[in-house]
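The values are calculated or read from the model by the stated rules, or taken from the named source; none is laboratory data. Small disclaimer: the values here were computed from a predicted structure and weren't measured. Backbone-built Cβ (ideal geometry, glycine too); neighbour counts: all protein chains shown. Each accessible area value is taken on the protein alone, full model and side chains, heavy atoms only, with ligands, DNA and RNA left out. Shrake-Rupley method; radii C 1.70, N 1.55, O 1.52, S 1.80 Å.
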There are 4 protein chains.
Amino acid sequence: QRVRDLGIHPGILPTGPLNAITDVEGVMVGHQTLIEEDNIRTGVTAILPHSGNLYRERVPAAVYVGNGFGKALGFTQVQELGEMETPIALTNTLSIFNAAHGVADYVLNLPGNENVGSVNPVVGETNDGWLNDIRARVVDTEDVYKAIESAESGPVAEGNVGAGTGTRALGFKGGIGTSSRQLPENRGGYTVGVLVQSNFGGILTVNGAPVGEELGNHYLSSRQTTPSGQPTDLGAQNTRLTALSGLTGDTDGYDFDVDGSVMIVVATDAPITSRNLERLAKRAFMGIARVGGFASNGSGDYVIAFSTHPDVRNNLDDSGQTRQITELDNNAVSPLFLAAVEATEEAILNSLFMAETMDGQNGRTQEALPIDEVMEILEKYGADQ
Amino acid sequence: QRVRDLGIHPGILPTGPLNAITDVEGVMVGHQTLIEEDNIRTGVTAILPHSGNLYRERVPAAVYVGNGFGKALGFTQVQELGEMETPIALTNTLSIFNAAHGVADYVLNLPGNENVGSVNPVVGETNDGWLNDIRARVVDTEDVYKAIESAESGPVAEGNVGAGTGTRALGFKGGIGTSSRQLPENRGGYTVGVLVQSNFGGILTVNGAPVGEELGNHYLSSRQTTPSGQPTDLGAQNTRLTALSGLTGDTDGYDFDVDGSVMIVVATDAPITSRNLERLAKRAFMGIARVGGFASNGSGDYVIAFSTHPDVRNNLDDSGQTRQITELDNNAVSPLFLAAVEATEEAILNSLFMAETMDGQNGRTQEALPIDEVMEILEKYGADQ
Amino acid sequence: QRVRDLGIHPGILPTGPLNAITDVEGVMVGHQTLIEEDNIRTGVTAILPHSGNLYRERVPAAVYVGNGFGKALGFTQVQELGEMETPIALTNTLSIFNAAHGVADYVLNLPGNENVGSVNPVVGETNDGWLNDIRARVVDTEDVYKAIESAESGPVAEGNVGAGTGTRALGFKGGIGTSSRQLPENRGGYTVGVLVQSNFGGILTVNGAPVGEELGNHYLSSRQTTPSGQPTDLGAQNTRLTALSGLTGDTDGYDFDVDGSVMIVVATDAPITSRNLERLAKRAFMGIARVGGFASNGSGDYVIAFSTHPDVRNNLDDSGQTRQITELDNNAVSPLFLAAVEATEEAILNSLFMAETMDGQNGRTQEALPIDEVMEILEKYGADQ
Amino acid sequence: QRVRDLGIHPGILPTGPLNAITDVEGVMVGHQTLIEEDNIRTGVTAILPHSGNLYRERVPAAVYVGNGFGKALGFTQVQELGEMETPIALTNTLSIFNAAHGVADYVLNLPGNENVGSVNPVVGETNDGWLNDIRARVVDTEDVYKAIESAESGPVAEGNVGAGTGTRALGFKGGIGTSSRQLPENRGGYTVGVLVQSNFGGILTVNGAPVGEELGNHYLSSRQTTPSGQPTDLGAQNTRLTALSGLTGDTDGYDFDVDGSVMIVVATDAPITSRNLERLAKRAFMGIARVGGFASNGSGDYVIAFSTHPDVRNNLDDSGQTRQITELDNNAVSPLFLAAVEATEEAILNSLFMAETMDGQNGRTQEALPIDEVMEILEKYGADQ
């Protein structure tokens, strides 16, 4: 169940009708979930700002790199030009190049793009290599097409789907999560929607309650220590730390990889352009802190934000050297910032609450968040409201 | 009382002995508090990385701009060169240039600096213009000297002192606050200390408990609504939004200014240099989110971080074209990152808990956090531990 | 004489009527030159985007830091908000805080700003401390007022005036220089104007001709070596390098400080906002390379760019949460970029050609560029056209 | 012939023995050139910092984005961690994802990397789609292996090879070029080597001489004008401007695409780490300006810089939480900066002088620089020395 279905209400702003990124009109989400034999646990999630030709009718966009230990693609061009020209795709670390090739392929083959010779796919990833045989790199162009072509507005599947199929977060099974916020009418009535692929570490906090601590399952906790006192399955990048912790030998190893990542997609129908979208993206980074994340060294914490408002789009087929746009004044963006923080917090929580225990390669199993236990903790802390 | 004296323990890491930025060996803090008649409520706070000639024995440093609506000085040079060459001073917005002049004066007049022709003061500010007659710009060079010369190691005065004399935060009286964290020995045993000048808005969260909501005093709340029934997130600079909210000509009409700011100073004795110090500074920004801040449009949220470790200093009087330094590996910095988030959270809380109700110009009074009420709320939420 | 008066035509685009930043309609420039006794050689130069209340009628703006060894003020807020709210002032390194205080004072005292409690002065500096007794810090608020109040459209004084009074560049007397470029009508007919305060080192190239090499006066050249083989008058910051060069002892010392700086102001009447203004500012940095600069370690190379087009201004006194703006498409900005490179190149050349030999403190004399010799060199290289 | 073989000597610093990036000890370069039938004109160029396992023995690295209209991969992680863990590959725009997949594949399959689950390939591209059937995306993993495995120290093939096979620059045939500079012994004697893939527009300047203007072939020139008499700075992506210029549907109508790109790789054996490498990378951007480039809107101008010095490497297999490094002081880096500007200038010139006329898809032919004519122009301007 989603956190609101359990009575949990993080933040002060109301959600949109679906409490999903698809509350932002026009936004569509699709998943391609890959579960094969006992070793493939991965997939692709696609987010489309609108249903038209995204290359020709571009949305203003921005990116923010919270912690750049990641391979996310397409960021420098979005930053330079302030716009996005493809669907966003999320997948696993080692499949990101195949996925980007697929996104480019999709755009190149759209009607009207026959002469296009340059495409800038925006693709993100987190490392699902504990459950998933990531070195197999099974994602291919067809998977990207399936994710994109299955994209739809309406409710969004969460948990172990698409790019979240094999991820882990904050000591539990992670995955895809989404949420939204709506501003009061006198603040413009705009919607901010967020979708996350959660795969990072920290000390889980749920609506203010110290759930990770109560469960004894968090960064630096004893539960995250193996019998030998050695961390297990750290990313290969962490060879040195593995060695270090082995040397210390006694107490503080940990059995999950704090050095995961989180991809965050922020959509809004507020008429803002790249500079304020970048600021909005940065606020999503703050949302990570609200659930107990701290952007550890090995985490790839990336945010992509875009606006769907028709008045700020760049239609390639318009004529003229100038564009007339109507955008929000700086002084009117603060409520959007708050909305981004809150929706990110709740989207991450949804990714955990909606994920289920998943087994994977090498006989491993990642337990889901123990909802009953968690609800007891939330009750104890008055956080079940 | 400080939050720990009240039994509140945010985070999982232990504090240093003083739970203050001065737990980082060598760091010294001094305040010059200016309370004059009924309209001057401001001051200067100085932070010194060590007791030597800071210009000649430079500490590695970095800056991070969370939200750049502020006048903080000295940032581009710190970013370019990766080091700091003066004490840090904090003061109010319109006095920052006088304060910077004072810091430069202090450095120019240090023995050994007789031929120095270039100084890069690092100075931050927040806007205390609700209580303080900020346009009077009373801070002068002498005040800076007094703050610097009174700087000492040991316990740090908090609340309505120095640069925090006239500030407000999260709907209550803000001020200076500090806290620290110590890593486990097998993580290096390093200390991270934080000092803040709090003056920003949001929805106050204390150790996870929704204190701002319970008190009905937060951004967008009815208590922060004008007689005309509209919420107010207005700074004096926000003329347009003022007009929007129907407040034209009635700048006394608003309850608090969400568009304040927060200056955060992070010190560590871990041997890290500019790149990892910048990452550390960014984690302090995450700490703002933990107390309910969201970096509103008009907020100047700036972080300055430095390391005091002797192995990473740049001594101008050394000979040779190269420097040998010993620094932490990337893989060993994650615990420092967590420490920065936690110490920032607690430093902000201390700034609120230690501040007292203050009256100021135009007959205004800013109430302090109502500690008794707050403790009841914390008890209700199990956050008083 | 200005370079064009000597028949030199850098670049391919035509200049505006005045070949000055004031070709951008509305832009005004004023100088306050301070030459006192034998030791004060400094001043203030003010650039105003328009003649109205700059705080209330804000121009979009951006900054670019080429090399951040400098104290330029006001940059983070311009970057965050994408706009500028004061005149720009240029002065010397150690007087920058006084100058910023003066700019703030001017803005606070403008009619209509009686309740303003926050001002973000944009002030730049270079170090004129070889000729000027910089530690005297003689610039005061009155000097800033004089520069601002004397600002006018029309021709701009160049060379040893205002903030360029005591500067040196590329081995010769530097100063203030300006130039402009006009786009073809089918590219919009826009104007780009540049003003520089030149004080940096390198190997002087004039319209492609290797003037610095021919004159034997450039970075690393023997002419820039003292009899003792020791560099002289390096900034105090360069203590270590001084020592180093002293150690080498024999050949490669140099007698001028490559580690100067250059402040560049770029104005345009093209309707572009902060993102494209930042890109435009970056192209001015490229202009430095065309005259032989390379942004040495100690150089503070800063660019400020703004647009004067009425359609992109932010008028604080407008009502409404949104602003309608008309801006150039990304695809139409390339000619502006070229214009910024060319105008910067020529503005720097003008600063050198218009400066005259200046004596200063401690019996020092900085020779101006030897124009006759230079013209012979240019003729030799076909660069006198 | 290379420019020095023709007697042209840009800059003041001496070159290394090979005047190539491979003058930096250990650096190896390999090309895979793909010329198939009449439509495939592309390839892969690989640059290896050393001959060991690059993933396990990492070199400090930095990136700089001059203009971000490009798809270069791997940048955010290099920026965050300050190091590089793969060979660098260069290819064409639409094949970059295949190339990155190939680089990752290569690293995953190196002995010792059997458990690696995360790789950050650094791959750049420019758009060779005028001569090359770029939409065919012919580059595959095998091509990347061939480029990497053929990499060697020693002289570097230039012009129409590898990733430069189908590129065009400044109105002529572009390609791969390289150059190096050596510092005087008393400046450390370090080497800076540069390799470029040139594909950008501007007004060609050769050693200061206005070659593009003399040949009447440059940005905005009449020779670069369509039959309809309008200048063309159009990329395929620039549909709108195409329409503006009256070229709709006639993409063969333009003479050259100013909106190309340039990838620049900078290697040095000086012991510097990420912060100073980023500064070094920025100076390579200045080198573009010296040949007449101005980073037009559609250009992807990216720089990657790394140091090969053993004292600054990060060996994953070392134990310990700390690393001891010896690095150059800030004050000693200026000569490296100059070297980067000069070597970039000459590398670009070599790419043009070494390229030969190439025919490609759709019956197109890109003429090479007319060397005889150019030499006459250089002689006229005294630039043939």
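Here are a few things to note about the model shown:
- Region A:312-337: number of residues that are part of a helix (DSSP H, G or I) and within 15 Å of A:Gly82 (Cβ to Cβ): 1
- All told, B:Gly102 falls short of being open to solvent by less than 10 Å² (accessible area, probe 1.4 Å), more than 7 Å from every other protein chain (Cβ to nearest Cβ) and more than 30 Å from C:Glu114 (Cβ to Cβ).
- Qualifying positions in region D:157-205 - part of a strand (DSSP E or B), within 23 Å of C:Leu220 (Cα to Cα) and not charged (D, E, K, R): D:Ser179, D:Ser180, D:Gln182, D:Thr191, D:Val192, D:Gly193, D:Val194
- Lone unmet requirement of (1) farther than 27 Å from C:Asn276 by Cα; (2) in contact with a Ser or Thr (Cβ under 6 Å, 6 or more places away or on another chain) for C:Pro370: (2)
- Criterion applied to C:Arg290, C:Arg313, C:Arg323 was being within 19 Å of C:Ile176 (Cβ to Cβ) and more than 14 Å from the chain's Cα centre (by Cα), and the one residue passing it is C:Arg290.
- Among all positions in region D:308-321, there is at least one residue which is in contact with a Leu (Cβ under 9 Å, 6 or more places away or on another chain), open to solvent by 10 Å² or more (accessible area, probe 1.4 Å) and on the phi > 0 side of the Ramachandran plot.
- Meets criteria (open to solvent by less than 10 Å² (accessible area, probe 1.4 Å), more than 7 Å from chain D (Cβ to nearest Cβ) and at pLDDT 95 or above) for A:Gly66: yes
- B:Ile35 vs. criteria touching a Ser or Thr at 6+ places or on another chain (Cβ under 7 Å), surrounded by fewer than 23 Cβ atoms within 10 Å (Cβ to Cβ) and among the aliphatic types (A, V, I, L, M): yes
- Close contacts from region C:149-161, counting a first residue that is more than 12 Å from C:Ile47 (Cβ to Cβ) and a second that is of a type outside the set (Val, Ile, Thr) and in a helix (DSSP H, G or I), with Cβ to Cβ under 6 Å and a gap of 6+ residues or different chains, come to C:Glu158/C:Asn350; C:Glu158/C:Met354; C:Gly159/C:Met354.
- Region A:17-43 residues that are among the polar types (S, T, N, Q), paired with ones that are assigned to a strand (DSSP E or B) and modelled with pLDDT under 95 (beta carbon under 6 Å, 6 or more apart): none
- Unique residue being open to solvent by 20 Å² or more (accessible area, probe 1.4 Å) and at pLDDT 65 or above when the list is B:Leu215, B:Leu195: B:Leu215
- Test: residue in region C:108-115 that is within 10 Å of chain B (Cβ to nearest Cβ), open to solvent by less than 10 Å² (accessible area, probe 1.4 Å) and under 16 Å from B:Gly74 (Cα atoms): no
- Those residues of region A:264-278 which are open to solvent by 10 Å² or more (accessible area, probe 1.4 Å), in contact with a helix residue (DSSP H, G or I) (Cβ under 7 Å, 6 or more places away or on another chain) and either more than 10 Å from every other protein chain (Cβ to nearest Cβ) or not polar (S, T, N, Q) (or both), in sequence order: A:Arg275
- Restricted to region A:74-99, and to residues there that are more than 21 Å from A:Asn314 (Cβ to Cβ) and facing chain D (nearest Cβ under 7 Å), the residue that is most open to solvent (accessible area, probe 1.4 Å) is A:Asn98.
- Counted residues, region B:364-385 - those being away from chain A (no Cβ under 14 Å) and touching a residue at least 60 places away in the same chain (Cβ under 8 Å): 10
- Only one of the listed residues (D:Asn330, D:Asn297) is touching a residue at least 12 places away in the same chain (Cβ under 8 Å), over 18 Å from C:Ile288 (Cβ atoms), at the interface with chain C (Cβ under 10 Å from one of its Cβ atoms) and open to solvent by less than 10 Å² (accessible area, probe 1.4 Å). That residue is D:Asn297.
- B:Leu378 surrounded by 24 or more Cβ atoms within 10 Å (Cβ to Cβ) and in a helix (DSSP H, G or I): no
Rundown of residues vs (1) open to solvent by less than 10 Å² (accessible area, probe 1.4 Å); (2) at pLDDT below 95; (3) within 14 Å of chain A (Cβ to nearest Cβ), yes/no style:
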site: D:Ile12; (1), (2), (3): no, no, no
site: D:Pro17; (1), (2), (3): no, no, no
site: D:Gly26; (1), (2), (3): no, no, no
site: D:Asn39; (1), (2), (3): no, no, yes
site: D:Ile47; (1), (2), (3): yes, no, no
site: D:Gly52; (1), (2), (3): no, no, no
site: D:Arg58; (1), (2), (3): yes, no, yes
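- Residue count, region A:279-294 (criterion: closer than 20 Å to B:Glu345 by Cβ and either more than 13 Å from chain B (Cβ to nearest Cβ) or open to solvent by less than 10 Å² (accessible area, probe 1.4 Å) (or both)): 11
- Residue satisfying condition, being out of contact with any Phe, Trp or Tyr (no Cβ under 7 Å at 6 or more places or on another chain), surrounded by fewer than 21 Cβ atoms within 10 Å (Cβ to Cβ) and at pLDDT 95 or above, within set D:Glu346, D:Glu367, D:Glu342, D:Glu373: D:Glu373
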